[in-house]
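Please read the structure below before turning to the comments.
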Amino acid sequence: MDHNIKIDDGKYKYGYIKGTIDNYYWYALVHKEQMDFGINPFDLETGQGRVSRLCVYKEFCEQDGNPFLPTSRVRRYIYANYRREWDVLNNNHEKMVRELVNYLERRYSLKLLKN
């Protein structure tokens, strides 16, 4: 299954990047080298990987209050959250997360060669 992965424009510091995958938002911390606590791209376990922080989520704006004084709040529903280990990994979204991790691993492992 191919998901539509996009990285948001902008300058990010220290390997922090964010973007969208289909109709979900995500942000990640991607290192130049593989880390012992990164996400292993083959089995999504803690192991050798460049991604040490990953969150996949959706945000919903909810309207509250009365019609004369409405209030709104944003709720964030998290489908995957990794911070050196998995806090949340929704089984229904595991394939999408695996594709995103593999994409980030491939994209940030490319090295430019000079002649």
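Nothing in this text is a laboratory measurement; each read-out follows from the coordinates by a stated rule. All of these numbers come straight from a predicted model, not from anything done at the bench. Glycine also receives a Cβ, built like all others from the backbone with ideal geometry; neighbour counts cover every protein chain displayed.
Do we find that residue 73 is basic (Lys, Arg) and surrounded by 11 or more Cβ atoms within 10 Å (Cβ to Cβ) in this structure? Give the steps one after another, and end with the answer.
Working: basic (Lys, Arg): yes; surrounded by 11 or more Cβ atoms within 10 Å (Cβ to Cβ): no.
The answer is no for residue 73.
Considering each residue of the stretch 56-66 in turn, none proves to be in contact with a Pro (Cβ under 7 Å, 6 or more places away or on another chain), among the small types (Gly, Ala, Ser) and over 19 Å from residue 4 (Cα atoms).
A quick yes/no check of all residues on (1) of a type in the set (Ser, Thr, Tyr); (2) surrounded by 13 or more Cβ atoms within 10 Å (Cβ to Cβ):
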{"position": "19", "(1), (2)": "no, yes"}
{"position": "27", "(1), (2)": "yes, yes"}
{"position": "39", "(1), (2)": "no, yes"}
{"position": "60", "(1), (2)": "no, no"}
